[in-house]
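The values are calculated or read from the model by the stated rules, or taken from the named source; none is laboratory data. The shown structure was predicted, so the numbers you read here are calculated from the model rather than taken from an experiment. Note that each Cβ is placed from the backbone with ideal geometry, even for glycine, and that neighbours are counted across all protein chains shown.
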Amino acid sequence: MPPSDLSSFLDGAPGAGPQGRGAVDPAAAKVVLGKRYEIFADQPLVQLNTATATAYRAADKRDERADMFAYVCRPGLPPRSDIMGALKGVETPALLRLRDAGVVDWPLNRAHRAVVLFDRPAGRRLMTTLDDRIEPMLDEAITRQVMQPALLALKELKARRLFHGCINPTNIFMRPGANSTVVFGECASAPSGYCQPLVFETLERGMAMPSGRGPGSVADDMYALGVLILFLALGRNPVGGQSDERVLQAKLDRGSYAALVGDARVSAMMTEPVRGLLLDDPGQRWSLADLDLWLSGRRLSPKQPQPVRRAQRPLSFAGRDYVAARSLAFAMERSPIEAVRIIENGELETWLRRSMEDETLADRVHEGTQSASSGSGGTLSDRRLARVLMALDPTAPIRYRGISVMPEGIGVALAEAVSTGVHVQEVAEVISAQLPIFWISVQGVFSPEHVPIVKMFETARNYLERISPGFGIERVLYHLNPGMPCMGAMVVDEYPQELDDLLYAMERAAERPDRPTEPLDRHIMAFILSRHGGINERSLLGIGPTGKPLERVLGILDILFEIQRKSRAFPLPKLCGWVATMMDPAIERYRSGTLRDRVRDELAKQAETGAFKNLYVIVQNNNLVQRDGAAFDLAKREYQLARKVIQHRQRELDQREKFTTGIGRQVAAVVACLLSAVILAAIVVGGVA
Amino acid sequence: MAASTGGRSGQGRNLPVPVDQIPALGKGAAVPRAGAKRPANKADKAALIVAVCLAPLALFVLPTTVLFFGGMVPTIVSFVADRTQEKYLPMIVGSLNFCGVMPAGFELWGGAATTDRALKLLADPFNMAMMLGAAGLGWVIYTIVPAMVSATMVWRNEQDIARWQARQEALVSEWGREVTGDVEQLPGLD
């Protein structure tokens, strides 16, 4: 049996069926996860809350001294279930230890929620908000209390190919004591980079919306560490009071170091790591090895950022002059009408060739302009603008009609869009316009990591083009988010992540009086197909918009039978009973009323076994259908024979005098002859005697 | 329903009664109209020849001829009265009338078989009563038995119709209106 929740996935324990998930303890407002950890819903820890999760006290049944807490994750945003297994193995004092994760029936919401359990941090946050002002930390303290633990934590994460993505002072805890070190907070309860303030993100990731940043790398964590050092050295937010857009613009115009440090005074000792860590070119940025060397006392030669190519003459756009392609692309995103104008009238391309003198870039822009017509979705000008922006700034995210996503962040962006109902169409158009594939094509260097991304988005586009149930945007959602629970309206509160979870959730939904007319909606179908691709194509066509009622119910039964066989979720009597009540079109195939009643009774009886196989065997009995058809033909013949016999008898009755004149007189003649023979014989015998 | 049949088309195995075995359904039972003139045929000619040949014999046994001719007057009357082709009435009356004459015949043949004696026997009231009574019995049979047979046949047909109608209702109940085949007629049953 596949794991029913993250807990069993982590533990490698088998799923425990419908009651196997974290269950509510009726004795108190607490839930139990994995039969070991208790989470107390009546003991919130507000000070540990994050933007996407609320914290509650937790306890370990096996270890009473363990001081733990649990994050109850916000629905609609998938936690980073892909890294939890690896994160559970990280045991370093510099990082909040993840104990377990799973799905529980959360009493406060009366719905299932993903929870992640951590050891409770002993100290307080370095900052409660980024606008806090704290006492500037001394260089030595930053080095010993922050940078050394950070190096330790990041090394551990790198060894497991993990990206933290949430290194900022509001997610770092300082242990009590004068010489204590910091503990880096959690990074698993929300999608990668979702909770990271923009100032801590690199320029490229910062341009993406929080849900579209995608999985990052250690280099991104190193950048965040550089910003963190700057925060602690200054004791405040160096760009406090500035809007995110202004910060981004400043980073674009002057580079991150200059934009963030500005006029602030940073000690000579700290300048070197801050400058190295804030380099915008990830290839130039300090690595863990560089940081390790610096912490060991070796001083590195300061790295200078690569100069940005500038045009000889500026391009006037939206009231401002631009000399760099990247800044121009950033401005064009914000003034799309003006941007489309300079693209379509050729002004941009001319400027790139003549003023920028960058033929490669100009060719790339030209290709983006021309290739926009190959995709579908949205308007041509929107697609063209998106491609031109990618050509101008290849490392920036895909920017399309107000959304901004990295290719690998499209999945989470879509998950958030589906849960909030905002920007779903735009995300779908990004995929159907093949923008992720163009993004990869404009990257300067080929990376093997891009190959699966191309394949993933080709598949997603194919799914998007099919409108039948099981495909469309819902299928793309589960294709791009393998850990995404099923969002079907009927089961969304049950947080089903695997097929058996889904079936048990549907079993419970079947009991509700407000259940829908059919058990399979588009989300559930897409979820099923994404988890189990071996569904018969005929069944899929049957439940499609063109399917007839009979094909539809047979398709539903076929699919449920198949996934029950696959998931081994058994028994499901309520769900079977629900499906059995839908089988009228299948029962109507039988002509015999007696047979229909028997089949209906048998379906109801077999539904109680909770096995779709038993329903399937009854309904899909082609031999019985054929025999019923043959018997029906015989019945029709018999009916017509009866009709003829009745007509004939009626005709005879209408001419009943013929009975008298015909057979009646014949009988009378026979009677008379027989009587005569008897009398004659008697006379002869009497005469002789 | 379960009775088997060797139906015309060989497909009606479940039909209760084979189509061609239903009484008077398969074979035509046309009855000629009463009083219709019939053309002379070979049988009539043969009867005429037999009558001509028997005429000398009748003269040879004249007393017997007188006795039987006189005694079977009711038969002659019935023969004349019955205008049907089948002549059931003279057949019925004649057979019993003959039985009524036979005792007088035995009495004639038991003594001197003269014409006078034959006339005396004819005039005997007892013999007369026997001859006419036997003929009358024939008339009674001819009147009552066909009526009884007709009543029986009507009853049987009505029972048959009721039984088949019940079967039709059962079929509709079991298979629905489609089984009536009003939309689609199956071939081979006309």
Which listed residue, of A:R62, A:R97, A:R80, is within 21 Å of the chain's Cα centre (by Cα) and either under 19 Å from A:P215 (Cα atoms) or not assigned by TED's automatic domain parsing to the domain that holds A:A190 (or both): A:R80
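Matching residues to (1) at pLDDT 95 or above; (2) under 30 Å from B:M131 (Cβ atoms); (3) of a type in the set (A, V, I, L, M, F, W, C):
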site	(1), (2), (3)
A:R600	no, no, no
A:A607	no, no, yes
A:F612	no, no, yes
A:V625	no, no, yes
A:D654	no, no, no
A:L680	no, yes, yes
A:G687	no, yes, no
From A:S419, A:S404, residue being of a type in the set (S, T, Y) and in contact with a strand residue (DSSP E or B) (Cβ under 9 Å, 6 or more places away or on another chain): A:S404
Members of the stretch A:561-598 that are within 14 Å of chain B (Cβ to nearest Cβ) and among the aliphatic types (A, V, I, L, M): A:I587, A:L595
Candidates B:L132, B:L96, B:L121, filtered to the one that is farther than 19 Å from A:E638 by Cα, in contact with a helix residue (DSSP H, G or I) (Cβ under 6 Å, 6 or more places away or on another chain) and more than 7 Å from every other protein chain (Cβ to nearest Cβ): B:L121
All positions within the stretch A:638-663 that are closer than 30 Å to A:E602 by Cα and more than 7 Å from chain B (Cβ to nearest Cβ): none
Segments classed as strands (runs of 3 or more DSSP E), wholly inside the stretch A:5-114, with at least 1 members that are at pLDDT 90 or above and surrounded by 15 or more Cβ atoms within 10 Å (Cβ to Cβ): A:30-33, A:37-44, A:53-60, A:63-73, A:98-106
Residues located in the stretch B:82-103, provided they are out of contact with any Ser or Thr (no Cβ under 9 Å at 6 or more places or on another chain) and closer than 16 Å to B:L67 by Cα: B:G100, B:V101, B:M102, B:P103
Qualifying position, being of a type outside the set (S, T, Y) and surrounded by fewer than 17 Cβ atoms within 10 Å (Cβ to Cβ), among A:V599, A:V617, A:V579: A:V617
Cβ pairs under 7 Å, 6+ apart, first in the stretch A:606-620 and aromatic (F, W, Y), second assigned to a helix (DSSP H, G or I) and crowded, with 20+ Cβ neighbours inside 10 Å: A:F612/A:L557; A:F612/A:L560; A:F612/A:F561; A:F612/A:Q564; A:F612/A:C576; A:Y616/A:L557; A:Y616/A:F561
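Residue by residue, here is whether (1) within 19 Å of A:I172 (Cβ to Cβ); (2) among the polar types (S, T, N, Q); (3) in contact with a helix residue (DSSP H, G or I) (Cβ under 9 Å, 6 or more places away or on another chain) holds:
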| site | (1), (2), (3) |
| --- | --- |
| A:E186 | yes, no, yes |
| A:S189 | yes, yes, no |
| A:G193 | yes, no, yes |
| A:F231 | yes, no, yes |
| A:G235 | yes, no, no |
Close pairs (6 angstrom Cβ cut-off, 6 or more residues apart or separate chains): assigned by TED's automatic domain parsing to the domain that holds A:V427 in the stretch A:361-390, at pLDDT below 90 and outside any helix (DSSP H, G or I) anywhere: A:R383/A:G375
Only one of A:L352, A:L300 that is outside the structural domain of A:R401 (by TED's automatic domain parsing) and more than 23 Å from A:I403 (Cα to Cα): A:L300
Among the residues listed as A:A669, A:A635, the single one being under 26 Å from B:L89 (Cβ atoms), at the interface with another protein chain (Cβ under 7 Å from one of its Cβ atoms) and either surrounded by 15 or more Cβ atoms within 10 Å (Cβ to Cβ) or touching a Leu at 6+ places or on another chain (Cβ under 7 Å) (or both): A:A669
Search result, residues across the stretch B:145-176 that are within 8 Å of chain A (Cβ to nearest Cβ) and either closer than 30 Å to B:F68 by Cβ or aromatic (F, W, Y) (or both): B:V145, B:P146, B:W164, B:W175
Exclusive hit being within 30 Å of B:G71 (Cβ to Cβ) and either at the interface with another protein chain (Cβ under 9 Å from one of its Cβ atoms) or modelled with pLDDT of 95 or more (or both), set B:G138, B:G111: B:G138
Whichever residue in the stretch A:154-181 is assigned to a loop (DSSP other than H, G, I, E, B) and over 28 Å from the mean Cα position of the chain (by Cα) and, among such residues, is surrounded by the most Cβ atoms within 10 Å (Cβ to Cβ): A:T181
Residues that are more than 18 Å from A:G206 (Cα to Cα), β-branched (V, I, T) and assigned to a helix (DSSP H, G or I), drawn from the stretch A:376-420: A:V388, A:V418, A:T420
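Yes or no, residue by residue, for (1) over 23 Å from A:M583 (Cα atoms); (2) touching a residue at least 12 places away in the same chain (Cβ under 8 Å); (3) surrounded by 24 or more Cβ atoms within 10 Å (Cβ to Cβ):
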site: A:N481; (1), (2), (3): yes, yes, no
site: A:C486; (1), (2), (3): yes, yes, yes
site: A:M490; (1), (2), (3): no, yes, no
site: A:D501; (1), (2), (3): yes, yes, yes
site: A:A505; (1), (2), (3): no, yes, yes
site: A:E511; (1), (2), (3): no, yes, no
site: A:R522; (1), (2), (3): no, yes, no
site: A:H532; (1), (2), (3): yes, yes, no
